[in-house]
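Note sheet for the following structure.
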Amino acid sequence: MELSDDLLCLFSGEIESRDGSYAIEVPEREVELGELEPGVSYRIAVVPQTRKRTDSDTDTENESARAAPEPNPPVTKGDHRTVEIETIGDQGDGIARVERGYVVIVPDTDPHERVEIEITSVAETVAFAEVVERYEHHE
């Protein structure tokens with residue numbers, strides 16, 4: 001199955017019956033990553049599992065869906081993006097995520113800092129970028 005470059009998140013979940021309708025819960029981390037916002041409408045695709053699920057499958061499926069490399073990185077060298085630095089990595093560099101949870105390493109940044117970056121190099125699972133502009137927290 002081919003996935004659109006517009007894909008914002010991918011996770012496994014169960015359809016639950018709630019007061020005459022059905023619901024799929026979106027994990028909190030998908031909103032925390034900044035790709036989804038409460039109160040905004042999104043198009044949802046439902047894809048069946050290839051085998052019957054068991055209770056023990058849930059954690060493994062969620063981890064493998066996030067860990068499986070996508071066919072092409074969602075960024076290219078020279079791209080400009082506005083991102084929020086989520087955390088600091090082991091080497092002291094800022095870590096941001098863009099589409100599909102793809103990791104971008106941004107040196108000389110602090111957690112929760114909002115910056116415009118330019119992608120300087122791209123690998124299959126991670127990209128590196130430099131800060132072009134820093135934004136105030138209220139912007």
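Only one of the numbered conditions (1) in contact (Cβ under 8 Å) with a residue 24 or more places away in the chain; (2) surrounded by 13 or more Cβ atoms within 10 Å (Cβ to Cβ) is not met by ALA123, and that is (2).
Residues in region 110-139 that are out of contact with any Lys or Arg (no Cβ under 8 Å at 6 or more places or on another chain) and closer than 14 Å to VAL83 by Cβ: ASP110, PRO111, HIS112, GLU118, VAL126, ALA127, PHE128, GLU130, VAL131, VAL132, GLU133. Meeting the requirement of 1 or more residues that are among the small types (Gly, Ala, Ser), the strands (runs of 3 or more DSSP E) wholly within region 88-139 are 94-97, 114-122, 126-135.
Values in this text are rule-based calculations from the coordinates and carry no lab data. Only a predicted model underlies this, so the values are computations on that prediction, with no experimental measurement involved. Quick reminder, even Gly has a Cβ in these numbers, built from the backbone with ideal geometry, and neighbours come from all protein chains shown.
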